[in-house]
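Working notes, beginning with the structure itself.
Throughout, read-outs are computed from the coordinates displayed, never taken from laboratory work. As the structure is a computational prediction, the values presented were derived from the model and not from experiment. Don't worry about glycine lacking a Cβ; one is built from the backbone with ideal geometry, like all the others, and counts go over all protein chains shown.
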Amino acid sequence: MEKKYSVTVAGGGSTFTPGIALLLLDHQDRFPIRKITFYDNLASRQEPIAKACEIYIRENAPEIEFAYTTDPKTAFTDVDFVMCHIRVGLYAMRELDEKIPLKYGVVGQETCGPGGIAYGMRSIGGVIEVLDYMEQYSPNAWMLNYSNPAAIVAEATRRLRPDSKILNICDMPIDLEEKMANMVGLKSRKEMSVGYYGLNHFGWWHKIEDKDGNDLMPEIKKHMAANGFADALSGTNQHVEQSWIETFAKAKDVYALDPDTIPNTYLKYYLYPDYVVEHSNPDFTRANEVMNHREKNVFAACEQIIAANTAVNGGFEADAHAEYIVDLACAIAKNTKEKMLLIVPNGGAIENFDPTAMVEIPCVVGSNGYEKICQGVIPQFQKGLMEQQVSVEKLTVAAWIEGSYQKLWQALTMSKTVPSAKIAKAILDDLIEANKGYWPELK
Ligand code: NAD
Ligand code: G6P
Ligand code: MN
């Protein structure tokens with residue numbers, strides 16, 4: 001009989017949980033499921049999401065065992081895969097991550113600059129906690145982590161749990177590859193073969209070919225030079241608001257800096273921080289947008305499904321854009337050897353870059369994990385930027401491990417988004433105050 005898998009979703013109360021649960025149900029032909037468990041450390045947030053999903057699963061896949069819990073032993077016993085998307089501190093803390101730097105005229109962003117560092121200092125402990133539960137109760141399981149900031153979380157697990165079965169992955173390159181496929185008239189990014197190097201939220205495509213080996217870069221470059229990614233918006237329900245559309249358009253200016261490569265959209269925060277700050281409202285940031293839209297809509301849909309005691313005509317839909325998570329689970333479960341961008345220890349895959357850095361590069365994924373695909377030697381421009389940014393990430397993790405104020409101050413000062421050590425210190429002192437109870441104590 002074909003093996004069926006037991007999956008635990010950690011961060012069961014996440015706004016992305018219903019979309020992922022529905023997606024898992026939709027892909028059972030290739031990734032059959034016997035059990036889904038939601039785990040969260042905040043019962044009140046998880047409960048409405050779980051109760052609504054329970055109704056949906058009962059109506060659409062009654063053969064799947066479903067449970068939700070805040071008890072780690074129940075959550076992590078008899079599990080094959082943990083899909084981890086936690087947000088330590090919830091949106092309330094994301095809002096502060098974004099607003100505190102903006103007070104000082106510095107980029108306020110979830111994963112970049114001081115906001116990303118602050119979020120990293122909260123996330124490390126949470127992700128390690130989930131990983132340890134998984135290893136305690138299901139030592140053979142794999143954790144697929146997309147909790148942010150993925151770059152810092154990945155460096156922390158490299159240092160603190162180097163032998164753990166954790167794979168860190170991001171959806172941004174996937175979304176951008178869909179847009180590029182769209183530009184050249186292909187139905188899916190899966191019809192392309194890519195070369196990519198960088199750090200998470202900090203990378204570049206240097207090669208894009210179709211399955212016959214035809215170079216697609218010239219056509220894609222024409223689109224990038226004219227409109228960035230904005231003339232190829234793809235049809236998923238993520239990254240659709242005006243602020244995202246502006247980000248896709250701004251990629252035109254990011255591209256202009258190095259027309260030999262295609263940039264990740266997140267580079268705008270490092271290369272055009274002045275523009276980003278000018279276009280930010282310090283009283284209403286992305287966290288406010290998300291709280292007003294995604295969070296409200298998801299919880300309203302849950303309430304409605306629970307009240308009606310049916311999910312028929314309810315507001316849930318599978319999160320098509322998260323299909324890569326099923327692809328990743330499937331690659332391990334079925335040894336598909338699919339090529340995917342993962343965040344992994346460099347170890348020479350980028351030849352002229354720190355071998356201990358956690359880099360984002362294409363890997364071949366199978367039942368024994370991943371094999372890296374060598375990306376050769378990278379140009380001075382990217383190497384210089386990456387060296388600076390990887391130092392920010394390494395210093396942040398070192399600061400967390402050692403409880404070092406000095407190293408965290410260095411990390412903030414090192415960020416290309418921060419103009420001086422003085423401003424770094426002012427932001428850091430505010431962040432320390434705001435993050436009491438979430439960060440280790442710094443000395
Ligand atoms: P959310 O705040 O809606 O949900 C996060 C959930 O995690 C909450 O229910 C919270 O209670 C729970 N949680 C926090 N700490 C926990 C812990 N220690 N143990 C168990 N549960 C814990 O957040 P969201 O906007 O839905 O995003 C979830 C995560 O997914 C974030 O980290 C976000 O940055 C990340 N994300 C990553 C990508 C990617 O490309 N890598 C894409 C989308 C979202
Ligand atoms: C992209 C990134 C994620 C990030 C998300 C933020 O998908 O790859 O890492 O979490 O954007 O989206 P949001 O809608 O929460 O601002
Ligand atoms: Mn990401």
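Data overview
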quantity: Residue identified as among the basic types (Lys, Arg) and touching a strand residue (DSSP E or B) at 6+ places or on another chain (Cβ under 6 Å) among LYS165, LYS187, LYS221, LYS179; calculated: LYS165
quantity: Cross-chain or 6+ apart pairs with Cβ under 6 Å, the range 134-151 first and under 11 Å from ILE169 (Cβ atoms) and in contact (Cβ under 8 Å) with a residue 40 or more places away in the chain, then part of a strand (DSSP E or B) and of a type in the set (S, T, N, Q); calculated: ASN145/ASN168; ALA150/ASN168
quantity: Residue check for ALA118: under 30 Å from GLN388 (Cβ atoms) and within 14 Å of ligand 1 (Cβ to nearest atom); calculated: yes
quantity: Top-ranked residue in the range 229-266 [being more than 16 Å from ligand 1 (Cβ to nearest atom), charged (D, E, K, R) and not in a helix (DSSP H, G or I); ranked as farthest from GLN389 (Cα to Cα)]; calculated: ASP260
quantity: Failed item, numbered, when TYR269 is tested on (1) more than 20 Å from GLU387 (Cβ to Cβ); (2) within 16 Å of ligand 1 (Cβ to nearest atom); calculated: (1)
quantity: Test for THR247: is it of a type in the set (Val, Ile, Thr) and in contact with a strand residue (DSSP E or B) (Cβ under 6 Å, 6 or more places away or on another chain); calculated: no
quantity: Within the range 313-331, considering residues that are in contact with an Asp or Glu (Cβ under 7 Å, 6 or more places away or on another chain) and without any contact (Cβ under 8 Å) to a residue 40 or more places away in the chain, the one nearest to ASP171 (Cα to Cα); calculated: ASP327
quantity: Complete set of residues in the range 350-369 that are surrounded by fewer than 20 Cβ atoms within 10 Å (Cβ to Cβ) and either touching a Lys or Arg at 6+ places or on another chain (Cβ under 9 Å) or under 21 Å from PRO173 (Cα atoms) (or both); calculated: ASN352, ASP354, THR356, VAL364, GLY366, SER367, GLY369
quantity: Close pairs (8 angstrom Cβ cut-off, 6 or more residues apart or separate chains): assigned to a loop (DSSP other than H, G, I, E, B) in the range 420-438, among the small types (Gly, Ala, Ser) anywhere; calculated: ASN435/GLY89; ASN435/ALA118; TYR438/GLY89
quantity: Tally, over the range 386-417, of residues that are touching a residue at least 60 places away in the same chain (Cβ under 8 Å), crowded, with 19+ Cβ neighbours inside 10 Å and farther than 20 Å from SER164 by Cβ; calculated: 10
quantity: Any hit, the range 294-316, residues being surrounded by 13 or more Cβ atoms within 10 Å (Cβ to Cβ) and closer than 29 Å to VAL106 by Cβ; calculated: yes
quantity: Extreme residue, nearest to ligand 1 (Cβ to nearest atom), among residues of the range 195-228 that are aromatic (Phe, Trp, Tyr) and closer than 23 Å to GLY115 by Cα; calculated: PHE202
quantity: Residue in the range 352-399 that is nearest to PRO440 (Cα to Cα), counting only those that are in a strand (DSSP E or B) and among the β-branched types (Val, Ile, Thr); calculated: VAL359
